[in-house]
Amino acid sequence: MTVAPDPLVGKLPPLAQIGSALLADWTGIDLASTQPSEWERCTAERYPPWRRREWLIGRLTARAALGLHNGARAIDVELVPDRLSGAPLVRGLPEVWLSLSHTGDRVACAVAPAGCPVGIDMEVRGRCDAALARRILGPDETLPAGFGHTTLWTLKEAAYKAARGRWPSLRAYQVEWSADGPVVSVPAGLRLPGRTFEWGSTVVALVGHGADTTEFTLLAPGTAGTAPAEPNGPRP
Ligand SMILES: CC(C)(COP(=O)(O)OP(=O)(O)OC[C@H]1O[C@@H](n2cnc3c(N)ncnc32)[C@H](O)[C@@H]1OP(=O)(O)O)[C@@H](O)C(=O)NCCC(=O)NCCS
């Protein structure tokens, strides 16, 4: 499947899709070929250059994701941080919740109906070592043989985002490993499905809405790096 350039976003980068989440690799893409809204352009100007690009590609990816999954003409959407938690709020589209993650020039954006917790996180494979993993494991939690520390970390960060940062310690998000994939227990009794995927050199975790999917699709030909491994596959 090839996605046509989105007139609201401009030139689209290499894309991949996991259910209602969109992954975009903006590496090498000159943002002059994109079409941020006037609000995005002005807001981005306030950031230092590295964050300006990160912030902008996050918004452009979110708009593409909203367009793909809600058919929204999302030019008027403003993605603003919640003042208390920092979680993204979609101003102008209250029926939607979303979650964002950046790794370099790669952005992952998960979309969900409002009220459905959703969190996405992406990290370079191998970024989390055993020492860091020990700091985030709960008292009775273990990492099954063959599962990488980074997989655990991304799942917990995605759960943190799904809970909109309500419990700041990653130890509070306990991952259980069932045959159907990981399940994350969030304080207050919520249990959310989780799923992890390989996307080239990165590990992507989706928690909450849409995480029961096993589909990973490259949307633009020859673009998003190596073919993804099977979901939840063991990785160092
Ligand atoms: C906020 C946090 C989740 C960001 O994660 P990260 O891996 O540094 O960065 P990511 O690119 O994956 O995510 C950034 C996005 O998360 C979103 N975000 C920020 N705070 C959030 C919150 N409280 N809830 C949900 N989403 C949030 C924002 O959309 C942000 O992107 P934007 O600023 O461009 O809009 C992370 O810094 C954090 O605070 N984690 C808390 C847990 C912890 O202690 N981690 C360290 C373990 S040793």
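Structure above, values below:
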{"item": "Failed criterion for residue 135 (all others in (1) open to solvent by less than 50 Å² (accessible area, probe 1.4 Å); (2) more than 15 Å from the chain's Cα centre (by Cα); (3) near the ligand (Cβ under 8 Å from one of its atoms) hold)", "result": "(1)"}
{"item": "Selection count where residues are surrounded by 15 or more Cβ atoms within 10 Å (Cβ to Cβ), in a loop (DSSP other than H, G, I, E, B) and in contact with a Gly (Cβ under 8 Å, 6 or more places away or on another chain), scope region 86-104", "result": "1"}
{"item": "Odd one out for residue 123, checked against (1) within 11 Å of the ligand (Cβ to nearest atom); (2) assigned to a helix (DSSP H, G or I); (3) open to solvent by less than 60 Å² (accessible area, probe 1.4 Å)", "result": "(2)"}
{"item": "Residue 166, sole failed condition from (1) in contact (Cβ under 8 Å) with a residue 40 or more places away in the chain; (2) away from the ligand (no atom under 14 Å from the Cβ); (3) surrounded by fewer than 23 Cβ atoms within 10 Å (Cβ to Cβ)", "result": "(2)"}
{"item": "Test for residue 64: is it within 21 Å of residue 21 (Cβ to Cβ) and within 13 Å of the ligand (Cβ to nearest atom)", "result": "no"}
{"item": "Test: residue in region 146-156 that is away from the ligand (no atom under 11 Å from the Cβ), more than 19 Å from the chain's Cα centre (by Cα), more than 28 Å from residue 105 (Cα to Cα) and in contact (Cβ under 8 Å) with a residue 24 or more places away in the chain", "result": "yes"}
{"item": "Exclusive hit being more than 10 Å from the ligand (Cβ to nearest atom) and modelled with pLDDT of 90 or more, set 73, 83, 106", "result": "83"}
{"item": "Failed condition for residue 160, given (1) within 20 Å of residue 107 (Cβ to Cβ); (2) of a type outside the set (Asp, Glu); (3) more than 11 Å from the ligand (Cβ to nearest atom)", "result": "(3)"}
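The values are calculated or read from the model by the stated rules, or taken from the named source; none is laboratory data. Everything numeric in this text was worked out from a predicted model, so none of it was measured. Cβ sites come from the backbone with ideal geometry, for glycine too, and all protein chains shown count toward neighbours. Surface accessibility is based on the protein's heavy atoms, side chains included, excluding ligands, DNA and RNA. Shrake-Rupley method; radii C 1.70, N 1.55, O 1.52, S 1.80 Å.
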